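Undergrad: Here it is, the structure, as structure tokens.
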Amino acid sequence: MATSTVVTTTGTGHAATVQMEPEYRTKIRTYVTEHKIRPIQSPEKIVVGSRVPRDVELEAVPAEWAPHSPSTANYIYSGERVMLVDPPTRTVVQEVD
């Protein structure tokens, strides 16, 4: 079975677009549930395309997710949602549903 994780950028200073197969989304959600990752607390609603506040700590993408997510991404867990974040811009690039 081939994997299809693709990372593209829309230009300088813009967020990356991440595409991944549904089974990898499930693997990521399972990881967060099994490892009891504590959700972040933020007064701001965090959605794809928004920037994560500076006071929110970004988590490194675990090796277990590779090659299911870009190695340059971090993630946050917020309100039952896992979101991949581009570290330099702190922009949410993908919600793992």
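The values are calculated or read from the model by the stated rules, or taken from the named source; none is laboratory data. Quantities reported herein were computed from a predicted structural model and do not represent experimental measurements. Cβ sites come from the backbone with ideal geometry, for glycine too, and all protein chains shown count toward neighbours.
Undergrad: Residue check: is residue 27 crowded, with 16+ Cβ neighbours inside 10 Å and either more than 13 Å from the chain's Cα centre (by Cα) or at pLDDT below 85 (or both)?
TA: Here the answer is yes, as residue 27 does meet what is asked.
Undergrad: State which residue is surrounded by the most Cβ atoms within 10 Å (Cβ to Cβ) when the search covers only the stretch 30-55 and only residues that are basic (Lys, Arg) and more than 12 Å from residue 77 (Cβ to Cβ). Outline the logic, then answer.
TA: Residues of the stretch 30-55 that are basic (Lys, Arg), as a first pass: 36, 38, 45, 51, 54.
Subset that is more than 12 Å from residue 77 (Cβ to Cβ): 45, 51, 54.
Values: 45: 8, 51: 15, 54: 7.
By that ranking, first place goes to 51.
Undergrad: For the stretch 58-81, name all the residues that are among the β-branched types (Val, Ile, Thr) and either at pLDDT 90 or above or more than 23 Å from residue 41 (Cβ to Cβ) (or both).
TA: 72, 76, listed by residue number.
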